[in-house]
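Following: one structure in structure tokens, then a few remarks.
The values are calculated or read from the model by the stated rules, or taken from the named source; none is laboratory data. Since we're looking at a predicted model, the values are computed, not measured. Reconstructed Cβ throughout: ideal geometry from the backbone, glycine too, with neighbour counts over all protein chains shown. These area figures cover heavy atoms from the full protein model, side chains too; ligands, DNA and RNA do not enter into them. Shrake-Rupley method; radii C 1.70, N 1.55, O 1.52, S 1.80 Å.
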Amino acid sequence: MSAVGDSGGNAVDQTGAQRYAADWARAVRGFGFVPLSPTETERLLLGHTVRLARALLSGEPVTPAAEDVGRALVAAHLIAPGVIGWAVRTLAARFPTEVLDVRADRPDLADRVSAAQAGLAAGFAGALRDRTFAQQEGIARSAWQARDDVERALRDSEARFRAVFSGAAIGIGIAGIDGTIIDVNQSFAEMLGYDIEELRQTNVASLFHADDAAGMWELYQELIEGKHEAARVEKRYHRKDGTAVWTDLAVSLIRHDDGRPRFTVAVVEDITERYELQQRLRFQALHDPLTGLPNRTLFFESLGRLVNRTHPSGRVGVCFLDLDGFKAINDSLGHDLGDRLLVLIARRLADCVADRGYLVARMGGDEFVILVDGIARIEDVTAVAETVLAAVSAPVHIGDQQLAVSASIGIVDSDLAGTSATELMKAADTTLYWAKGEGRGRWAVYDPERSARDIARSALAAELPTALDRGEFVVHYQPIVSLLDGQMLAVEALVRWQHPELGLVGPDRFIGLAEETGLIVRLGEWVLRQSCRDAQRWHAEFPQARLVVSVNLAARQADAPAIVDTVADALAESGLPAALLQLELTESAVMGSAGEPLRTLYRLAALGVRLAVDDFGTGYSNLAYLRRLPITCLKLAGPFVEGLRGDDPSVADHRDVRIVDALVRLAHALELWVTAEAVETEAQAERLRSLRCDSAQGRLFDPPGPAEKIVARLRGTPSDGESTWS
């Protein structure tokens, strides 16, 4: 058996995957016409099989990969209903045993398989719907383009067009270039609550929603001016009764034979229900509180009797519950009302498990625990958690107050043999805080592997201060080059941890810990001073290079009262000219500054150092406020550059192109330098150059490296893997 494994001991059985793909290919050919040869079909489905298997075994959400496979089936024209039916059915029936070689405990596999089935079906259905929608739009557009010829030649073609236009299930509207509606079908009229005759001779601008009318009219103007051939947006329209309807709107331009704009054809789908559902899913309500049950001592005695028996057998579950935001209720409404609330919630908890005989106890404060004994599987415990959350979330009225309280629950289930009350409650307490960290108002199940990772993370956090004292941190530098001539203009200082056991540790593993523990101020100061010393050595040896060193300032550093003195001292100590130091602050930190922080930025600028906004475009983007700041450079966030990476500029993500173009124009209008981050391909660099971006950094030019690598580059000495841009 050949297999490709992951770090957890699980693997994809390649032989089983090939057998499964072969069966899938045979089934597909039996469902109807297949535009591929048998060998091509089997090869295609083998790739999808392996991708699904790897997604199921990974620690990442499985739904995106499954949705991609569903969409890929439609893209390959494998659209017979039996194709997706066979795949969804066998994903649960055959995949775990034939394709997956699961050697490590994966209690979440069944849920991941279910999620994969749902994602596969959703991706297939969504792609099929988009395909159908595109075909319907094409039919409507083609029908109108042919109308002039049809009127002159074939009366029956007019009838066919009318059948499509009038009978379409989605709304279709035709308007002149001045915005006057010429015709609509019945679906369009019903969607907006008008008669067809009422809409004829109405201007489309009068239907636009007040919140987006200006932008929509500009889009319409650009369309009829011929700047775009088509546009697709989600927007609101006013119904006749004054309510709003959300639509998926696709507008196409129809031209005269000589190319002049003639009409616009709009295809409109009512997505109000979908939009409202999305809004409801974003909304999470808080629910109601509790107290008044057996105490902590009684609970541990009961649990101890179960686990300390001479020959304990069976399983036990613990639901450790804590009210969300109870302290705020106590502080704002008083402890007397808080106590009454705890009594009421305690009674509800007892009532919801009374018929099962489970023990409900108050552990102290607003914490409660439910002992779920005599269980056979984890689902028995999660069912109790669901019942409890429902009970807590019901409305609470105390006196003239109505309160909303929610709860979080940590769930642990274990064999009675080989465990202890202390271990169970320690695990439950850990899991309770996972649930709170994931958003509150929910439950989480104990995962030993996650617990081990948390312990390792805590150990890493504990080592940070000592590591700084021992000099285990190093600074690597990444070149920032001119997109005009490839010259290295600056370097960005990036800290690394040379861990004695783990090797070179990236910042993603310790910067967050440093911020949480407050060590980021000390660490940031060390990076600043070391970077200034390195930069001064480069300046002394290569004064003509005028190489700028760019150092990141964490938000807590920027807020520190002594930051200006710290920067001034680092410059004085190293002898580095202030003009060769650039400080990078995150957009959220810069845009959110006011009062003293704003004055701090001006004081830093007064030292002569440069100030840059890092990851620009992902934060507040308060453009009016941006004008007030003494900054010299904007660094475009990597996600925008990612959309430009196609080798063929024509297939680049046009939204990202427009965004980057707008950001570069904005920066230049404000007389700011623009640097693009995370540039990895020549295509990205070329596109950025065409958009007049000034400079860039990324693996295309050079990955971060030690200071010696910068020295070699300044000397013109080639190094391993050096970019052709040098």
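Miscellaneous remarks
- The listed residue being part of a helix (DSSP H, G or I), open to solvent by 40 Å² or more (accessible area, probe 1.4 Å) and either modelled with pLDDT of 95 or more or not acidic (Asp, Glu) (or both), out of TRP538, TRP526: TRP526
- Of the residues LEU337, LEU371, LEU342, LEU349, the single one that is farther than 22 Å from GLU301 by Cα, of a type outside the set (Gly, Ala, Ser), in contact with a Leu (Cβ under 8 Å, 6 or more places away or on another chain) and in contact (Cβ under 8 Å) with a residue 24 or more places away in the chain is LEU342.
- Tally of residues being open to solvent by 30 Å² or more (accessible area, probe 1.4 Å), in contact with a helix residue (DSSP H, G or I) (Cβ under 8 Å, 6 or more places away or on another chain) and not in a helix (DSSP H, G or I) across region 477-515: 3
- Unique residue being at pLDDT 80 or above and closer than 23 Å to ILE378 by Cα when the list is ALA110, ALA122, ALA127, ALA104: ALA110
- Filtering region 353-364 to residues that are more than 16 Å from LEU306 (Cβ to Cβ), open to solvent by less than 40 Å² (accessible area, probe 1.4 Å) and touching a strand residue (DSSP E or B) at 6+ places or on another chain (Cβ under 9 Å) leaves VAL353, MET363.
- Close pairs (6 angstrom Cβ cut-off, 6 or more residues apart or separate chains): more than 12 Å from GLN530 (Cα to Cα) in region 568-584, among the charged types (D, E, K, R) anywhere: GLN582/ARG610; GLU584/ASP614
- Listed conditions (1) at pLDDT below 90; (2) outside any loop (DSSP other than H, G, I, E, B) are all met by PRO718, apart from (2).
- ARG232 vs. criteria modelled with pLDDT of 80 or more, among the basic types (Lys, Arg) and crowded, with 17+ Cβ neighbours inside 10 Å: no
- ARG89 being assigned to a helix (DSSP H, G or I) and open to solvent by 30 Å² or more (accessible area, probe 1.4 Å): yes
- Checking GLY646 against (1) outside any helix (DSSP H, G or I); (2) open to solvent by 20 Å² or more (accessible area, probe 1.4 Å); (3) more than 19 Å from THR586 (Cβ to Cβ); (4) modelled with pLDDT of 85 or more, the condition it does not meet: (4)
- In region 179-227, the qualifying residues are those that are part of a loop (DSSP other than H, G, I, E, B) and touching a residue at least 40 places away in the same chain (Cβ under 8 Å), and the one that is most open to solvent (accessible area, probe 1.4 Å) is TYR194.
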